[in-house]
Amino acid sequence: LFRLFFLFVLIQFNQLYRDCLRLVRHVAPGDSPKSLALRTMVRQQFNTGRNETDPQRVEALKANAVRALSNYMLYESGAKDAKMKKAMTKFHDKSVESTKRNDD
């Protein structure tokens, strides 16, 4: 049963890895410095969790990767909608201002 679970997780892991690399190709096509840095970061993150065997930790790592992909998709769709873009800019400005105040 554990082997079956492990095989299932491995398949999901590989699919998620490929999805992340596809996203990098979409965000930064070619061999630009940004593309190389993003691909390196994705590889490092996945290599860090590659040997993880704790099912809860594996699920947490997968959830983090899915969240990153979802956040990017939200950001991209928000940039195309004027109302959403305005709200995102307002949120960003508040976050930056709050960070500046906390640093002082």
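Laid out as a table, the results:
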| quantity | calculated |
| --- | --- |
| Spatially close lysines, pair count over the chain: Cα under 18 Å, gap of eight or more or interchain | 5 |
| For the chain, convex hull volume per residue from C-alpha positions, Å³ | 148 Å³ |
| Degrees, to the nearest 10: 2-27 long Cα axis against longest axis of the chain | 30 degrees |
| Acute angle (nearest 10 degrees) that the helix 55-80 long axis makes with the longest principal axis of the chain, alpha-carbon atoms | 30 degrees |
| Percent accessible area from carbon and sulfur atoms, the chain, protein chains only, probe 1.4 Å | 59 percent |
| Length released on extending from Lys83 to Asp19, taking residue separation times 0.36 nm less the Cα-Cα span | 20.2 nm |
| Relative contact order (%) - criterion: Cα under 8 Å, at least six apart; region: the chain | 21 percent |
| Listed residues Ala63, Ala82, Ala37, most fluctuating in the chain (Gaussian network, C-alpha, under 10 Å) | Ala82 |
| Label point distance in nm, Lys94-Thr48, each placed 7 Å from Cα along Cα→Cβ | 2.9 nm |
| Using alpha-carbon coordinates, inclination of helix 33-49 to the longest axis of the chain, degrees | 40 degrees |
| Solvent-accessible heavy-atom area per residue, rounded to whole Å², over the chain at 1.4 Å | 80 Å² |
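The values are calculated or read from the model by the stated rules, or taken from the named source; none is laboratory data. For clarity, every value in this text was computed on a predicted model and none was experimentally measured. Glycine also receives a Cβ, built like all others from the backbone with ideal geometry; neighbour counts cover every protein chain displayed. In case anyone asks, the SASA skips ligands and DNA or RNA and just uses the protein heavy atoms, side chains included. Shrake-Rupley method; radii C 1.70, N 1.55, O 1.52, S 1.80 Å.
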